[in-house]
Amino acid sequence: MNLHTLKPAEGSTHRDGKRLGRGNSSGKGGTSTKGNKGAQSRAGYNQRRGSEGGQMPLHRRLPKRGFKNINRIDYKVLNIGQIDDLATRYELQEISPESLYVTGLLNRTDLIKILGRGELKTKLTFKVNAASETAKKAIEAAGGTLEIVI
C-alpha cells in the first residue's frame, strides 16, 4: 500500500451539488439557473390559477350562465315498467332503497321516485321517497301498497 493509491471508502464521500449564485465566473451566477430575475426566481413563487400571462384568462372571457338550485332534490327515477322487470329478475317482493342497494342498482344515499310509464303485473310493496299520481294508481290497481318514506 502506497500513499498515492489510498482512496476513501466507497460511499463515504459525494460530490457537492451545484453552487448557485456564486458569481458569473462559476457559470451559474446571476440568475442561478432560474431563467430570470424577480418573483419567478424567488422561493414560494406561485402563479395564479388560470393565468395566461397578460392575456385575459379563459374563465374571465367566457360569460356566466344559469345557476344551481341549492334546494333541488335529486331523485333516481324508476318507471313502473322497469320495476316490473327488476322484480322478476331479482325476485323482489318489496321495492325500497335497501332492497335496491342490496341488488347493486342504487347507492345507499340515493332517493327513489316512481313514475307511471309502463305496466305493473305483480303485487309489490313500495317504500320510496316520492311517486307520481299515475304510479300510485298503477300500484293500487295491481294490488300493491305504497308508502312514502322521507
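The values are calculated or read from the model by the stated rules, or taken from the named source; none is laboratory data. Just so we're clear, the structure is a prediction, and the values are computed from it rather than from any experiment. Every residue, glycine among them, receives a Cβ derived from its backbone with ideal geometry; neighbour counts consider all protein chains shown.
Data for the structure
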read-out	value
Single residue of region 48-82 satisfying the filter (over 30 Å from Tyr101 (Cα atoms) and either basic (Lys, Arg) or in contact with a helix residue (DSSP H, G or I) (Cβ under 8 Å, 6 or more places away or on another chain) (or both)) that is surrounded by the most Cβ atoms within 10 Å (Cβ to Cβ)	Glu52
Subset of region 75-99 [at pLDDT 95 or above and among the aromatic types (Phe, Trp, Tyr)]	Tyr75
Qualifying residue in region 103-118 (condition: without any contact (Cβ under 8 Å) to a residue 12 or more places away in the chain, surrounded by fewer than 16 Cβ atoms within 10 Å (Cβ to Cβ) and farther than 23 Å from Arg72 by Cβ)	yes
Which numbered condition Gly118 misses (of (1) on the phi < 0 side of the Ramachandran plot; (2) at pLDDT below 95)	(1)
Test: residue in region 13-25 that is in contact with a Ser or Thr (Cβ under 9 Å, 6 or more places away or on another chain) and either among the aromatic types (Phe, Trp, Tyr) or not in a loop (DSSP other than H, G, I, E, B) (or both)	no
